[in-house]
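> Dropping the structure in here first, questions after.
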Amino acid sequence: MMHLFLNCLAASAGGGLTYPRNVVPHLSARTGVRTTIAASSSLKRELGALPNVAWIELEKDHGAGLRFWHEQAALPRLIRGCGADVLISAGNFALWRSPVPQILLSGNSLYTSGDFYHDLCSRGDYRLWLDTRIKAMFAKKSVYQADRTVAPSRAFAEELQRWTGAPVISIHHGFDYETFSKDETPLPAGTQHKLASAEDALRLLFVSHYNYYRNFETLLRAIPLVQERLDRRRVLLFLTCKLRSEENPGSYRAEPAAALVQRLGIAEQVVELGTIPYRLLHHVYRACDIYVTPAYAETFAHPLVEAMASGVPVVAADLPVHREVCGDAALYFQRFSSPELAEQILRLEASRDLRNLAERGRVRSREFSWEKHVDKLLALAATLAQNCGRSFPKHAVTV
């Protein structure tokens, strides 16, 4: 029996929560594997009681810095106490004195993104610039503290290797459309009304909290460019957030983006749905015509796979990660070019042939599997544990 300790204390939003939501049930179902998870009580409530899974609830009432030092002090004792064989640190920062072999899951592209640091300077957000630089220093040191570092894409693994000079393994994150779309609970009435009232419009979708690196402003500037070429058909952009700072995680200021909406005269075309429960997101994808992402920094981009699996054609910023995930199942544009983005949207809207992207996307999405991800993660954990003088029965890991 192999015993894993999974540190999910940093999981708070976006891909950070998507990961345990999908991986923990797969770990629970594996024969010969037991998992102890350090997480907040909210994540435990969401996932519920699962076989072969024990929870250690530690509330995240500290800032990131204080939480880091709290984890460094508390986790070694907890890991030894539960008898774990391998630690999986899922939040970019390693445990510096791990009592067992450690796998670091690194998934924050902001630490290595020159675009992000330039963006912060252009906004005058020097406090966040300094905060990110400090976190980047600890993230870089963490790569050396871990026995193995794993990135969710080959492109990001190569970027981490260039940044740290240390070897990094890539294991794609997965996707399971049956699990993703199984909840048939309808969307809230207000959300349904907003989507249904746009049936005659070209409906664009962007799934993200507001933050700088998702590059909302490039997308917003593209909307009037699309509209002026669509003749009488309206274009609507649906956002799964609201452009108010207090309604988004992190310290990103959304008010300049809201002001841009007003200056561009597109207030009636930008529909702020607000946060949609993850289990209901599939309804939103299926109600829209084109999925768009202008993000300039990314490590995997789960919404791209969700959109492709839902049969929604994709227009994405031309990043190595986006091309790795979508391949020929998307159209691409220069990441800061609103005219190029508008052109690709119009190209897709006007051509039936390019609607074949939807079918290519469905096929492409099937290449990503949480089961395969967990297979590779467990194989890596077993190898580390064996090299540390332990051995486990072969049936403990499915390869």
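> What number do you get for the range 288-383 when its Cα radius of gyration is normalised by 2.2 N^0.38 Å, N = residues?
Working: Rg = 14.8 Å, N = 96, 2.2 N^0.38 = 12.5 Å.
With N residues counted in the range 288-383, Rg over 2.2 N^0.38 Å equals 1.19.
> From the Cα gyration tensor of the range 96-203, with a ≥ b ≥ c the square roots of its eigenvalues, which class applies: rounded if a/c is under 1.5, or else prolate if a/b is larger than b/c, or else oblate? Intermediate results must be reported in sequence, preceding the final value.
On the way: a/c = 2.69, a/b = 1.57, b/c = 1.71.
Since a/c reaches 1.5 but b/c is at least a/b, the shape of the range 96-203 is classed as oblate.
> Which value in nm describes the separation of the simple spin-label points at residue 372 and residue 182, placed 7 Å from the Cα toward the beta carbon?
Between residue 372 and residue 182, the label points sit 2.1 nm apart.
> Could you work out the equivalent-ellipsoid semi-axes for the chain, taking the square root of 5 times each eigenvalue of the Cα gyration tensor, largest first, in whole Å? Don't skip to the end; give the middle numbers.
Working: eigenvalues 278, 106, 77 Å².
Three semi-axes, in Å: 37, 23, 20.
> Name the residues of the range 272-307 whose amide N is less than 16 Å from a point 7 angstrom out from the Cα of residue 189 along the C-beta direction?
none
> Say each of residue 28 and residue 54 gets a label point 7 Å from the Cα, pointing the same way as Cα to Cβ; how far apart are those two points in nm?
Placing both labels 7 Å along Cα→Cβ, they lie 1.7 nm apart.
> In Å, what Rg and Dmax follow from the Cα atoms of the range 179-218?
Just the Cα atoms of the range 179-218 yield Rg and Dmax of 13.7, 34 Å.
> Ratio of alpha-carbon Rg to the 2.2 N^0.38 Å globular estimate for the range 185-365, to two decimals, please. Don't jump to the answer; show the numbers that get you there.
Values: Rg = 15.0 Å, N = 181, 2.2 N^0.38 = 15.9 Å.
So the range 185-365 has a normalised radius of gyration of 0.95.
> Over the residues of the range 103-147, compute the C-alpha Rg and express it relative to 2.2 N^0.38 Å.
1.27
> While we're on this one: On average, how much area does the Cα convex hull of the range 246-300 cover when viewed from any direction, in nm²?
Dividing the Cα hull surface by four gives the mean projection, 5.5 nm².
Computed from the coordinates by the stated procedures, all read-outs in this text should not be read as laboratory data. The structure presented is a predicted model; accordingly, all values stated were derived computationally and were not measured. So basically every Cβ, Gly included, is an ideal-geometry build from the backbone, and we count neighbours across all protein chains shown.
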